[in-house]
Amino acid sequence: MTSQTIDQPSLSSTSAYAVVSLIFGILTWVALPLAGALVAIVCGRLAMREISRAAPGEIAGASLAKIGMLLARVQVVLCVCYVAAHMIMQLMFRHH
């Protein structure tokens, strides 16, 4: 009878910051346009830092953080464009 060792898969945890970033990235499109975007971007950056400082494979969630930050950044750009367009329209159609 031979003894075999079974390699246990390494259990990695998902960064809580990455999950929060994704949730708030989605919320920027539903309920919290700018405040949600700020939370998503900050938490996404914290998640990326946390993941990069950990041992390889120890903490997962880089994709979640990147998607959360992307959703937030697109929302911020669209909000800025909307405000700029609104201001331009106000200037163009101002009655003297």
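Go through the residues of the range 36-48 one by one and say whether even a single one is among the basic types (Lys, Arg), out of contact with any Cys (no Cβ under 9 Å at 6 or more places or on another chain) and closer than 14 Å to residue 19 by Cα. Looking for residues that are among the basic types (Lys, Arg), out of contact with any Cys (no Cβ under 9 Å at 6 or more places or on another chain) and closer than 14 Å to residue 19 by Cα, one finds at least one in the range 36-48, hence yes.
When you scan the range 18-49, how many residues do you find that are among the aromatic types (Phe, Trp, Tyr) and either free of Cβ contacts under 8 Å to residues at least 24 places away in the same chain or farther than 11 Å from residue 69 by Cα (or both)? Steps first, please.
Kept after step one, since they are among the aromatic types (Phe, Trp, Tyr), are these residues of the range 18-49: 24, 29.
Subset that is either free of Cβ contacts under 8 Å to residues at least 24 places away in the same chain or farther than 11 Å from residue 69 by Cα (or both): 29.
Residues flagged as among the aromatic types (Phe, Trp, Tyr) and either free of Cβ contacts under 8 Å to residues at least 24 places away in the same chain or farther than 11 Å from residue 69 by Cα (or both) within the range 18-49 amount to 1.
Counting only residues that are in a helix (DSSP H, G or I) and small (Gly, Ala, Ser), the range 54-96 holds 7 of them. Here residue 5 clears all of (1) in a helix (DSSP H, G or I); (2) of a type in the set (Val, Ile, Thr); (3) modelled with pLDDT under 95 except the condition numbered (1). Scanning the range 72-80 for residues that are surrounded by 16 or more Cβ atoms within 10 Å (Cβ to Cβ), out of contact with any Gly (no Cβ under 7 Å at 6 or more places or on another chain) and touching a residue at least 40 places away in the same chain (Cβ under 8 Å) turns up at least one hit.
For residue 51, are the conditions met, namely being modelled with pLDDT of 95 or more, over 10 Å from the mean Cα position of the chain (by Cα) and part of a helix (DSSP H, G or I)? Let's see the steps before the verdict.
On the way: modelled with pLDDT of 95 or more: yes; over 10 Å from the mean Cα position of the chain (by Cα): yes; part of a helix (DSSP H, G or I): yes.
Yes, satisfied.
Considering only residues in the range 26-63 that are in contact with a strand residue (DSSP E or B) (Cβ under 7 Å, 6 or more places away or on another chain) and of a type outside the set (Asp, Glu), the one that is surrounded by the fewest Cβ atoms within 10 Å (Cβ to Cβ) turns out to be 60.
The values are calculated or read from the model by the stated rules, or taken from the named source; none is laboratory data. Quantities reported herein were computed from a predicted structural model and do not represent experimental measurements. No Cβ is skipped: glycine too gets one built from the backbone with ideal geometry, and neighbour counts run over all protein chains shown.
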